[in-house]
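The structure under discussion appears below in the form of structure tokens.
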Amino acid sequence: MIRAAVSIASNIAEGAERDSKAEYIRFLHIAKGSAAELRTQVYIARKVNILSETEAGNMANELKEISSMLHGLIKALKLKS
């Protein structure tokens, strides 16, 4: 779970440093995938009682919000000429 969480921020940062908008968008998609991966791991952690229902719910909601923000940024970058 730590690796997936670190991957989200790392891919956003790496993409921002790339020389093209297309590369930035590609890395944002990878970050979005890592957010989905982590959300799945949160659901699994809840099922096996590693996380409480409250903790898992809060984390899942935050990850959905992060995914939504990444989606919005990707969409805005694609529209920007």
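Under 11 Å from the Cβ of Leu28, count the other residues' Cβ atoms, weight Lys and Arg +1, Asp and Glu -1, and hand me the total.
On the way: positive: Arg18, Lys21, Arg26, Lys32, Lys75, Lys78; negative: Glu14, Glu23.
Net charge in that neighbourhood comes out at +4.
If you keep only loop residues by DSSP, which GluC sites (Glu not before Pro) in the chain have at most 15 other Cβ atoms within 10 Å of their Cβ? Write down the numbers at each step before the final one.
Working: sites: Glu14, Glu17, Glu23, Glu37, Glu53, Glu55, Glu62, Glu65; in loops: Glu17.
Counting only loop positions with at most 15 other Cβ atoms within 10 Å, the GluC sites (Glu not before Pro) in the chain are Glu17.
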Would you calculate, for the chain, the mean residue ellipticity at 222 nm contributed by helices, counting each DSSP H stretch of 4 or more residues as -39,500 (n - 2.57) and dividing by all residues, to the nearest 500? -30000 deg cm²/dmol
How much length would be gained if the chain were fully extended between Glu55 and Ala5, taking 0.36 nm per residue of separation minus their Cα-Cα distance, in nm to one decimal? 16.5 nm
Scan the chain and report its longest stretch carrying no trypsin sites (Lys or Arg not before Pro) that are both in a DSSP loop and have at most 15 other Cβ atoms within 10 Å. 19-79
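What does the net charge come to around Glu17 if you take all other residues with beta carbon closer than 14 Å to its beta carbon, with K and R at +1 and D and E at -1?
0
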Leaving out same-chain residues fewer than 8 places away, which lysines sit with a Cα under 21 Å from that of Lys21? Lys32, Lys75, Lys78, Lys80
Among Ala60, Ala13, Ala35, the residue with the largest mean-square fluctuation in a Gaussian network model of the chain built from Cα contacts under 10 Å is Ala13
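Throughout, read-outs are computed from the coordinates displayed, never taken from laboratory work. Keep in mind that this is a model prediction, so the values were computed, not measured. Virtual Cβ from ideal backbone geometry, glycine too; neighbours counted across all protein chains shown.
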